[in-house]
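Below is one structure, written out as structure tokens, with a few remarks after it.
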Amino acid sequence: MSYIDLNYKPSENDLICRFFVEPEGNSAIEKACENIAAESSIGTWTELSTMESEIYERLGPHVFEIDTASGEVLIAYPSDLFEPGNIPEILSSIAGNIFGMKAVENLRLLDVEFPEKLARSFLGPRFGISGVREVLGVFDRPLVGTIIKPKLGLNSEKHAHVAYESWVGGCDIVKDDENLTNQDFNPFRERILKTLGMRNKAEEETGEKKIYMPNISAETEEMLERAEFVKENGGRYVMVDIVTVGFSALQTLRKENLGMVIHAHRAMHAAFTRNKKHGISMLVLAKLSRLIGVDQLHIGTAVGKMEGPREEVVEIKNAIVGDWYGLKNTFPVSSGGLHPGMIPALVEIMGEDVIIQAGGGVHGHSNGTKAGAMAMRQALNAAMQAIPLEEYAEKNPELKAALDKWGKP
Ligand code: CAP
Ligand code: MG
């Protein structure tokens, strides 16, 4: 029973995977493809006395394209193989055992095209870009955010104060760092109360809506309790480390539908997205995140400290903002190694529908957090008016100090 059929034309009900396949040793790519198709669906390493031709016909995938030069392979899977609404099951099929098979030297899941029926079995984002903009009342520019730094160590009082300085300096959004949750030096519930109090103060003083994104990442039940606490105390957002909490926990959080914006941090993604020959692409992770229903997702910057070339970041952006079976879109977040000098390049790459976050690029400003936040907003104002930063800095000393310290890319 072969799974290779180069004449097969996928149906609209098929789920289609694009893989990069490097067979083991000198074995033929076709042999690797047979193993991948079998192990990711109905078969195993050997013929089965229990296999029925009806099962093979009904649920067997089709390897319908093999590019031996590039190693790219397309496999169409009957959607009946997959449980609607169940990300863990889908991944245990198309992104499970196959990565460990000896039949492949390297294997990378590059992209997945979901059939409409399967895609619609997920909730998708509750807010999407337009919903987030409604919450903030900002419609005509990128949003500017910061991450409280140092990553860990500030007590809740100081955390709230740094957040206040960031907001009054001009940040729309302040978030916890990905590894700040409920440590003794900064207990979660204490931090929430103090920081939301400072958010309210900053809103009164600036007349602008301000957002605090507390990191609720934890064991699932605890995570839901923390989300409830945030909501009870006037929070509008939660932040979650989607890879380390897991897809099942993320689906539970989205199903709870607490009415708060879900900001997705992707810490640990690079353990499997970075190697261009083995693992799972960030594009796939981004599509899964939108299906499950995150409203905002870190997708890279192309210009900052994290790896991820421009074309990859733009491809991911297009995948989470584009039309997709009527699912709401997900707000792209660019963060990591950014400072005011990088904003024009970032806006040119990402357009207006982007959330720009800088941690060190705000709190590392020579005149402190408030000046750093001011410099970010000044750089954004300049970029939106297509005024060169150096010219804009002549009348904006905070931006000038940032350019003096970090320059432009
Ligand atoms: C950025 C950040 C974010 C990264 C995550 C950090 O801080 O808070 O977690 O942006 O990377 O901890 O590095 P800086 P990505 O602004 O000081 O770099 O967005 O690529 O997932
Ligand atoms: Mg961080």
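Under the 0.36 nm per residue contour assumption, what length would be gained going from the current alpha-carbon distance of T44 and E190 to full extension? Each step should come with its number before you reach the end.
Values: separation 146, 0.36 × 146 = 52.56 nm, distance 5.24 nm.
Once the chain is fully extended between T44 and E190, it gains 47.3 nm.
Once the Cβ-Cβ distance between E228 and A69 is put in as r, and R0 is 60 Å, what FRET efficiency do you end up with, to the nearest 0.05? Write out the running numbers ahead of the final one.
Values: r = 54 Å, r/R0 = 0.90.
For E228 and A69, the calculated efficiency is 0.65.
Once you compute Rg and the Kirkwood Rh from C-alpha atoms, what is the Rg to Rh ratio for the chain? Please report the intermediate quantities before stating the final value.
Values: Rg = 23.3 Å, Rh = 22.6 Å.
Using Cα coordinates only, the ratio equals 1.03.
Please give the charge dipole size of the stretch 258-409, origin at the Cα centre, charges +1 on K and R Cβ atoms and -1 on D and E Cβ atoms. Round to the nearest 20 debye. Before the final figure, lay out each step's value.
Values: 16 positive and 14 negative charges, 101 e Å.
Charge dipole, the stretch 258-409, about its Cα centre: 480 debye, nearest 20.
Kindly provide the helix-only [θ] at 222 nm of the chain, computed as the sum of -39,500 (n - 2.57) over DSSP H runs of four or more divided by all residues, to the nearest 500 deg cm²/dmol? Show your work: numbers first, answer last.
Working: 18 runs with 169 residues, N = 409.
Helix-only estimate at 222 nm: -12000 deg cm²/dmol.
Using a 7 Å offset from the Cα along the Cα-to-Cβ direction at both E22 and L136, what is the distance between the two label points in nm, to one decimal?
Distance between the two pseudo-spin positions: 4.0 nm.
Roughly how many nanometres apart are two label points built 7 Å out from the Cα toward the Cβ at N155 and E307?
4.1
Taking Rh as the Kirkwood radius computed over C-alpha pairs, what is the Stokes-Einstein D of the stretch 1-157 at 10 °C in a medium of viscosity 1.306 mPa s, expressed in µm² per second? Don't skip to the end; give the middle numbers.
Numbers: Rh = 18.4 Å.
Result for D is 86 µm²/s.
By how many degrees, between 0 and 90 and to the nearest 10, does the Cα long axis of helix 156-169 differ from the longest principal axis of the chain?
80
Output the 0 to 90 degree angle, nearest 10, between the alpha-carbon long axis of helix 310-321 and the longest principal axis computed from the alpha carbons of the chain.
90
Where does helix 247-256 land angle-wise versus the long Cα axis of the chain, in degrees 0 to 90, nearest 10?
60
Simple spin-label model, 7 Å along Cα-to-Cβ: K31 to N381 in nm?
It is 6.7 nm.
Run the reach check for K151 against aspartates and glutamates, Cα to Cα strictly under 18 Å, same-chain hits fewer than 8 apart removed. What comes back?
List returned: E165, D176, D177, E178, D184, E190, D241.
Please list the non-local residues whose amide H lies under 5 Å from the amide H of I147, H modeled 1.01 Å from N, same-chain partners needing a gap of 5 or more.
HN-HN under 5 Å from I147: K175, A358, G359.
Going by Cα centres, the stretch 201-229 and the stretch 114-182 are how many Å apart?
Distance between centres, Cα-based: 9 Å.
Taking K400 as the anchor, which lysines have their alpha carbon closer than 17 Å to its alpha carbon, excluding any fewer than eight residues away along the same chain?
K370, K408
Quick one: which residues, 5 or more positions from G279 or on another chain, have an amide H under 5 Å from its amide H? H modelled 1.01 Å from N in the peptide plane, none for Pro or chain starts.
L107, R108, L109
By counting other Cβ atoms within 10 Å of each Cβ, how are V347, V73 ranked from fewest to most?
Ranking V347, V73 by Cβ neighbours within 10 Å, fewest first, gives V347, V73.
Regarding the stretch 227-369, what is the average projected area of its C-alpha convex hull, in nm²?
Details: hull surface 39.4 nm².
Spelled out: convex hull of the Cα atoms, projected over all directions, averaged, 9.8 nm².
Less than 26 Å apart at the alpha-carbon level, and either on another chain or at least 8 residues along: which lysines does that give for K277?
Answer for K277, where 26 Å is the Cα cut-off: K31, K102, K287, K305, K317, listed by chain and number.
Every read-out reported here was derived from the displayed coordinates using simple, explicitly stated rules and does not represent laboratory data. Owing to the predicted nature of the structure, the values given are computational and were not obtained by experimental measurement. Because the Cβ atoms are built from the backbone with ideal geometry, glycine has one as well, and the counts that use them run over all protein chains shown.
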